[in-house]
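To keep things clear, I will list the structure first and then write my remarks on it.
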Amino acid sequence: LGQDFVKQSSLSQHRSMRGNAHTHAGEIYEQMRNAKLAKNHYVQALKINERDSWVWTKVAMIEFYHFRNYRSAKKCFESDRDEAGAHKAHASIAPALAKLAEINFLLHDFQESENLVDAILARAQNSHGQMDPTTKE
């Protein structure tokens, strides 16, 4: 992260290296149970690549479990869902939808929580390659 040529470079390869470095630093800080620094590095990674669904999930989980900031976690999970939906086949979207349903329930948005549970069930039943009802086009 501290290399000047990487920090100042606009080459996509160097941007990717910076994003990966922030993501890895976030993981290390999470393992050290330093949620604040982990979140800071994940946010820096998202500034480099805002379409990284996995990092959105990491930030959402930190907001949910460590800071109990349900509204912020909800926004992050929605960003994760939107990014994953854009890629149609995303293996971890159902757990993110389940956590989003839980957050909506905690925020007393019972209708949205129910809608998300229905979407999860529909996704599970959709085994013939049909269009996923949780994706946005």
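The values are calculated or read from the model by the stated rules, or taken from the named source; none is laboratory data. Only a predicted model underlies this, so the values are computations on that prediction, with no experimental measurement involved. Cβ atoms come from the backbone with ideal geometry, glycine included; neighbour counts cover every protein chain shown. All accessible areas refer to the heavy atoms of the entire protein, side chains included, with ligands and DNA or RNA removed. Shrake-Rupley method; radii C 1.70, N 1.55, O 1.52, S 1.80 Å.
Does the range 70-78 include one or more residues that are exposed (fewer than 14 other Cβ atoms within 10 Å of the Cβ) and modelled with pLDDT of 95 or more?
Yes, the range 70-78 has at least one match.
What tally of residues in the range 79-89 results from selecting those that are modelled with pLDDT under 85 and surrounded by 13 or more Cβ atoms within 10 Å (Cβ to Cβ)? Before you say what the answer is, go through the steps one by one.
As a first pass, look at the range 79-89 and keep what is modelled with pLDDT under 85: 80-89.
From the residues that got through so far, the ones that are surrounded by 13 or more Cβ atoms within 10 Å (Cβ to Cβ) too are 80-86.
Adding up the residues that qualify gives 7.
Between a residue in the range 24-38 that is in a helix (DSSP H, G or I) and any residue that is open to solvent by 90 Å² or more (accessible area, probe 1.4 Å), which pairs come within a Cβ distance under 6 Å, given they are 6 or more apart or on different chains?
Filtered contacts from the range 24-38: Ala35/His66.
Look through Glu114, Glu63 and report the one residue that is open to solvent by less than 50 Å² (accessible area, probe 1.4 Å) and modelled with pLDDT of 95 or more. Before you say what the answer is, go through the steps one by one.
On the way: Glu114 fails: open to solvent by less than 50 Å² (accessible area, probe 1.4 Å).
Within the list Glu114, Glu63, the selection yields Glu63.
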